[in-house]
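Take a look at the structure set out below.
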């Protein structure tokens, strides 16, 4: 058994830049994170935060030629994926680390059967007989609880519902029994009851020892599914910690603001806390702390100096000059907002 | 799937019938053919006689019924100019047209498709840059100008090919180029963009993420999916070549259907016009049907 | 702050009562079927998508009515019907007591100024070739015949109301972020002082940190101008927070309707309970072990017989597959369509083996 404290996946100082005509977009700007075996790490962020690009960078599948990984290490069991040759990388992709994309409709080839597409993952990594491949395909489909797997492998993607297509994606991901799965917002397009089934599936996979990096913007999913969470803003990680810690004592004003602004069932009516301003333009990032223009705790230091990622009281990491000490601070701000509105 | 076939066939039948009506009406609206056949001093009685001979008397509906019943048996009347059965005249010239179209298609696919696919797989590469220029020229240059230029340069100046006339391989090359230049350019551009389109899609990305070798990704996903729009366009172009070779056939004195048609229109030889348009329509509609069915074969989504 | 007293919802949620219709909009037995293409056997009636199969509810003045449901529930169809973009197969929609279909023919302007909409994707609902001033002013010009100086002033007013500087009027939509675009769409919607605004998933396409801004704006505007909202969304938490009354839809039928707080305090219908159970709550302290509901949402082409939810219902009995339960008021202001909710308004208990089956 592997060393329980050594993480399966370790990302250090990852930087991915996109060179566009209007300038350089630092989509991923120095990201550190790690995923343990049998753990689900949630990666939370909004559009422009860089969270999808983190996954693509780990797999070295960033849209080139404009996008390039310019720095960092991605260690899978100690081996740096970024330094591998093309053939080494291909052996790892899909086999030890697999990725699920967001939209199941566009991620499955419409003219190939589902069975073919799952088999492709198997064939890329194992030399099995034809019947061996078929068995592996059915096994994968069964593992993700697709009913009547034997018959359905000959069906085309459009013959499946949205939720089932997402399971097919999961089947492709687990076909070769990977150690790590990167899931890029797999449930965003799904209905709530279908999403609940899918989250259950994810939990089941985690319980078999797979490490999952789950990218989402839905805080509810993070709270329900994840063990630890990392919050991203403008290409950087701003806070990490266990899910219980982060939700009970969010320290970064962005995390705290986000949690406070999301409506929760059975928590009454009335105004919500709102984070002011808009997410920054990736081509025109503010100097200093990237969140400062929208932060209710910002000082001149925040506007001038970008805080480094440091230790977080209570465990995890934090990137902030003036963290939130108490939730009550937000209530004061909220009252001020309500006042201004009236 | 059966429903798809049957509906398409029914639609084809109705379209064909509508074509006959249209042709019938248009030919008669464009002028009285009898005037061209009789001498200017003919008396009204003589004109009437001629008119009766050609069945151009009587109400149009009767004429149409006669025409349609004849058509269903393959009898389109006799050519006014040549006094031979109109349909036979058309069918005689059909092989020549088909040969030329086949040559043109070979060029289009051999050159246009190949360059287009390579351009799509390696955008901004050498082939892509050169190919784009050729495509632009091909679509900008008018057919008749190109045909004449080809003759001037390659026949007259260089003497490599005969200037015109029907014959074997050497006779076919220049007209084939003139006939196909537009479609070659169009297919080049379409296949390039179809490939680029598919390459950028999520399922191709996922295939790479599975660890599939790039060559397999290209053949199994990219080419296979890009084939759908490419085949559709290529088929339409082929049909077009079968039907629209008028200019090329005239300039190169190629004895095909196109040339026959233009001459017949000038002479108001309406039986031949009717027969020719009918044949053209049949080929066009049949071609479209084949395209529709091929499409259904390639893309499982539209079968149900 | 929104009024702490509930608006008089209890009387007006009951449709077609003997009292005069004080609602802004009321919907009676609304049915919408979409027939599919005819097959080879063209003499046979083609199958229909039964998007809505008899839905009735009403919205009072100044009230926010939330409609919640998953795919196939019919909620978007209701929006289209209320906006007059589709005609009902049967049933009717009344606007201030007048049938909408008739109103659209005789006095379209009253309806078009009285009912407006904000849609899900602001990028798609704003014409990219029109400047903000034209977009916001379009209704003013079309229906209120405002021109020139008067219109410019009103546009500036509206932009300020939604929190945008009036100088933005000359810009184009693509120059704005999603949240700002949605504000522009809201400014356009309130331009004619409508009595009802249909909000079709107004925040689901926006970034999470912006949603609160837009939701707060909507409730501030309601407080200021007193219009009613029909909020259609799949996010239960948003609907509950913003609405006074919530209606739950499943496969074209309304299965439950109650005051917003009641939704979590006393949900009666098994589907509502399953839905609430499935919603992930952003609070790990409230994480619970539960059995997610099995099966797929049924097809609107061929809905299950009897109660449409019975194939997935944990407490279904034989009667459920045969007889469709009517939507009846079991508690004041609380309607349910379920055979197992008895007349005193007690919800059926789920079977105990549920906890034992947790693998």
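Only the coordinates and a few stated rules stand behind these numbers; no lab work does. Because the structure is predicted, anything quoted here is derived from the model rather than measured. Glycine also receives a Cβ, built like all others from the backbone with ideal geometry; neighbour counts cover every protein chain displayed.
Counting only other chain Cβ atoms within 10 Å of each residue's Cβ, the peptide A:189-201 averages 6. Quick one: angle between helix C:208-225 and the longest Cα principal axis of chain C, in degrees between 0 and 90, rounded to 10, please. With both axes taken from Cα atoms, the answer is about 70 degrees.
First check a/c for region C:99-146, with a ≥ b ≥ c the square roots of the eigenvalues of its C-alpha gyration tensor; if it is under 1.5, answer rounded, and if not, answer prolate when a/b is larger than b/c or oblate otherwise. Note, shape of region C:99-146 comes out oblate. Mean residue ellipticity at 222 nm, helices only, chain A: -9500 deg cm²/dmol; runs of at least 4 DSSP H residues each add -39,500 (n - 2.57), and the sum is divided by the number of residues.
Computed over the Cα atoms of chain B, the ratio of the radius of gyration to the Kirkwood radius (Rg/Rh) comes to 1.08. Neighbour counts of other Cβ atoms within 10 Å put C:55, B:117 in the fewest-to-most order B:117, C:55. If you take the Cα centroid of region C:148-202 and the Cα centroid of region A:263-323, the two points sit 28 Å apart. Neighbour counts of other Cβ atoms within 10 Å put A:93, A:249 in the fewest-to-most order A:249, A:93. Here the simple spin-label model places points 7 Å from the Cα toward Cβ, and for residue A:328 and residue B:114 these points are separated by 8.1 nm.
With an a/c value of 1.5 or above and a/b not larger than b/c for the gyration tensor axes a ≥ b ≥ c computed over the alpha-carbon atoms, region A:241-341 is described as oblate. Take the Kirkwood radius over Cα pairs of region A:1-60, plug it into Stokes-Einstein at 20 °C and 1.002 mPa s, and you get 165 µm²/s for translational diffusion. Take the Cβ atoms of residue A:148 and residue C:266, set R0 to 30 Å, and the FRET efficiency comes out at 0.15.
Go ahead and run the numbers for FRET between residue C:147 and residue A:134, Cβ-Cβ distance against an R0 of 51 Å, rounding to 0.05. Calculated value: 0.10.
Roughly how far apart, in whole Å, are the Cα centres of region B:196-263 and region A:125-160? Spelled out, the Cα-based centre of one part sits 34 Å from the other. When only Cα pairs below 8 angstrom with a gap of at least 6 residues are kept, region A:241-341 shows a relative contact order of 32 percent. P(r) tail, chain C: Cα-Cα pairs separated by more than 40 Å, 17% of all pairs. Per-residue ellipticity at 222 nm, computed for chain B from helices alone with -39500 (n - 2.57) per DSSP H run of at least four residues, works out to -23000 deg cm²/dmol. Between residue B:44 and residue B:213, full extension at 0.36 nm per residue minus the direct alpha carbon distance yields a gain of 52.6 nm.
Compactness of chain A was expressed as the Cα radius of gyration divided by 2.2 N^0.38 Å, which yields 1.05.
The antiparallel fraction among DSSP beta bridges confined to chain C stands at about 60%. Residue order for C:334, A:252, C:143, fewest other beta carbons within 10 angstrom first, comes to C:143, C:334, A:252. For chain A, the relative contact order is 20 percent, taking Cα pairs closer than 8 Å that sit 6 or more residues apart in sequence and dividing their mean separation by the residue count.
Counts of other chain beta carbons within 10 angstrom of each beta carbon in peptide C:273-279 average 4. Does region C:220-290 classify as rounded, prolate or oblate by the C-alpha gyration tensor (a ≥ b ≥ c root eigenvalues; a/c under 1.5 gives rounded; else a/b over b/c gives prolate, otherwise oblate)? It is oblate, given that a/c is not under 1.5 and a/b is not larger than b/c.
Across peptide C:312-323, the mean count of Cβ atoms from other chains lying within 10 Å of each residue's own Cβ comes to 0. Taking the C-alpha atoms only, the angle from helix C:132-144 to the longest principal axis of chain C is near 90 degrees. Considering only DSSP beta bridges where both residues belong to the protein assembly as shown, give the percentage that are antiparallel (nearest 5). Restricted to the protein assembly as shown, the bridges split so that about 60 percent are antiparallel. For chain B, what's the relative contact order in percent, using C-alpha pairs closer than 8 Å and at least 6 residues apart? So the answer I get is 27 percent.
Roughly how far apart, in whole Å, are the Cα centres of region C:224-272 and region A:235-249? Distance between centres, Cα-based: 32 Å.
Would you mind checking the tilt of helix A:328-341 against the longest principal axis of the Cα atoms of chain A, expressed as 0 to 90 degrees and rounded to 10? For A:328-341 against chain A, the angle is about 80 degrees.
Per the Debye calculation on the protein assembly as shown with a single equal scatterer at every Cα and no solvent contribution, log₁₀ I(q)/I(0) for q = 0.07 Å⁻¹ amounts to -0.80.
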